[in-house]
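Asks: Dropping the structure in here first, questions after.
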Amino acid sequence: MSPAIIRQYRPEDREALYEICMLTGNNGGDARAVYRDQELLPDLFAAPYATLEPDLAFVLDDGGRAVGYVLGTSDTERFVRDFRTKWLPEVADRHPLPGGGPGTPDAVMTEFLHQPEMMITPALADYPAHLHIDLLPGYQGHGYGRALLTTLFAALNKAGAQKVHLVMSTANTNARAFYDRIGFHEITVPEPGGLTFLGRSTA
């Protein structure tokens, strides 16, 4: 494993961003066999953040390419509006409804893509910012995840967001243990399904 540095996202990182998202999109594991549409997850959980809020997009660079990232928004409601008016028109034709058979992973995520307002949850109103973080397996467990989050927390705080939340699969117990160590706590959300909602201060 090469030593890595954290830097601002650049447009030339886009291909790596998509690859990282798919290689970690199945509860931290490889999602390429789970989804028929190989660009669906990145077009939902990675690229819109790097495109709409590049000042809050950071990558872990191993000296050759990005091997991890942390992406976020300081204002979820604003982000949803921008997603609807600026991002969705760019990608909707690539991911038309219905996205696969009823109840399939593709169908669920395609519906989410076309209904970004689902990101807005009243129980999270006190945590206006939110984030996504992913690292390739070889770079996990070496302190890079904490360093990426610390970088984003500082940027969010500077942007005026005092609290941040994230949404994770409850089944991803390794991720939950990591977030607990970073100082996140669980937020009670009605009918969470298979998801867990976590939040913390950006200070």
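The values are calculated or read from the model by the stated rules, or taken from the named source; none is laboratory data. In this text the structure is predicted, and so the values were computed from the model without any measurement. Ideal geometry is used to build each Cβ from the backbone, glycine not excepted, and the neighbour counts take in all protein chains shown. Ligands, DNA and RNA are stripped out before the accessible areas are found, and what is left, the full protein with its side chains, is counted by its heavy atoms. Shrake-Rupley method; radii C 1.70, N 1.55, O 1.52, S 1.80 Å.
Asks: Exactly one condition in (1) at pLDDT 95 or above; (2) closer than 24 Å to A31 by Cα; (3) part of a helix (DSSP H, G or I); (4) not aromatic (F, W, Y) is false for V80; which is it?
Replies: (2)
Asks: How many residues does segment 176-203 hold that are part of a loop (DSSP other than H, G, I, E, B) and either without any contact (Cβ under 8 Å) to a residue 40 or more places away in the chain or under 30 Å from V108 (Cα atoms) (or both)?
Replies: Count: 10.
Asks: Just the residues that are open to solvent by 20 Å² or more (accessible area, probe 1.4 Å) and either within 19 Å of the chain's Cα centre (by Cα) or not hydroxyl-bearing (S, T, Y) (or both), please, taken from segment 82-99.
Replies: D82, R84, K86, P89, E90, A92, D93, R94, P96, L97, P98 - these are the residues of segment 82-99 that are open to solvent by 20 Å² or more (accessible area, probe 1.4 Å) and either within 19 Å of the chain's Cα centre (by Cα) or not hydroxyl-bearing (S, T, Y) (or both).
Asks: Anything in segment 12-28 that is part of a helix (DSSP H, G or I) and open to solvent by 70 Å² or more (accessible area, probe 1.4 Å)? List them, or say none.
Replies: E12, R14, E15, E19
Asks: Also: Picking from G101, G145, which residue would you name as being modelled with pLDDT under 95, on the phi < 0 side of the Ramachandran plot and of a type outside the set (S, T, N, Q)?
Replies: G101
Asks: Could you pull out the residue among A66, A31, A46 that is within 19 Å of the chain's Cα centre (by Cα) and closer than 21 Å to M119 by Cα?
Replies: Only one candidate passes the filter, namely A46.
Asks: When Y127 is evaluated against the numbered criteria (1) closer than 25 Å to E191 by Cα; (2) not in a loop (DSSP other than H, G, I, E, B), which criterion, by number, is the only one it fails?
Replies: Failed condition: (2).
Asks: Between residues in segment 143-163 that are among the β-branched types (V, I, T) and residues that are open to solvent by 10 Å² or more (accessible area, probe 1.4 Å), which pairs lie under 8 Å by C-beta distance while being six or more apart or on different chains?
Replies: Close Cβ pairs (under 8 Å, with a partner that is open to solvent by 10 Å² or more (accessible area, probe 1.4 Å)) amount to T151/I6; T151/F58.
Asks: Could you please give the count of residues in segment 59-81 that are out of contact with any Lys or Arg (no Cβ under 7 Å at 6 or more places or on another chain), crowded, with 20+ Cβ neighbours inside 10 Å and closer than 20 Å to A154 by Cα?
Replies: The total comes to 10.
Asks: Starting from residues that are more than 15 Å from the chain's Cα centre (by Cα) and part of a helix (DSSP H, G or I), keep the ones in segment 157-175 and report whichever is surrounded by the most Cβ atoms within 10 Å (Cβ to Cβ).
Replies: Filtering segment 157-175 for residues that are more than 15 Å from the chain's Cα centre (by Cα) and part of a helix (DSSP H, G or I), the one surrounded by the most Cβ atoms within 10 Å (Cβ to Cβ) comes out as N157.
Asks: Check whether at least one residue in segment 67-74 is touching a helix residue (DSSP H, G or I) at 6+ places or on another chain (Cβ under 7 Å), more than 29 Å from P122 (Cα to Cα) and touching a residue at least 60 places away in the same chain (Cβ under 8 Å), and report yes or no.
Replies: Yes, there is a match, as at least one residue in segment 67-74 is touching a helix residue (DSSP H, G or I) at 6+ places or on another chain (Cβ under 7 Å), more than 29 Å from P122 (Cα to Cα) and touching a residue at least 60 places away in the same chain (Cβ under 8 Å).
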